[in-house]
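Novice: If you scroll down you'll find the structure; I have some questions about it.
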Amino acid sequence: MNIYLAGSFSRCEELNGYADELRSLGHIVDCRWLEGFHQVHPGAWKVENSEEMPPEAERFAIDDLKDLYASDIVVSFTGTGAHRGGRHVEFGMGVAWGKRMIVVGKRENVFHCLPVVEFFEDWPSCLRALAEDT
């Protein structure tokens, strides 16, 4: 399966570890944002909402939408980490495109309660479920 990991940019290192675990199970994880080249300014992963989004960030959005569209499953990580809200857009796009939707963490909005959304309280329980898919 091709899996898209959606989460706060500040959790990039953590999610890269999860991506490695998924790849070791035979899944594909192609998320260009995890490669670290989608920083809109130096140290973006450390900054909450203190700087305006520059227009040249358009290419990052295009990359992310292409990666999201190519995926079979979208795993959305909620909770900790600074965020600008992109992961919420990715979640909505995944629902609209009929992807298999998974939330890891707490439900943050009404759309996380849709019947098509699978819910896991933590990464280990989600990983076990995805391991069964291989």
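FYI, it's all coordinate maths here, none of it is from the lab. Please read these numbers as outputs of a predicted model, since none were measured by experiment. Here the Cβ is made from the backbone with ideal geometry for all residues, glycine too, and neighbour counts use every protein chain on show.
Novice: Which of Y4, Y69 has the fewest other C-beta atoms within 10 Å, and how do the rest follow up to the most?
Specialist: Y69, Y4
Novice: Let me ask something else about it. Which net charge results for the neighbourhood of D63, defined as the other residues with beta-carbon distances under 11 angstrom from its beta-carbon, given Lys and Arg at +1 and Asp and Glu at -1? Intermediate results must be reported in sequence, preceding the final value.
Specialist: Working: positive: R32, R59, K66; negative: D30, E35, E58, D64, D67.
That sum, taken over residues with Cβ under 11 Å, equals -2.
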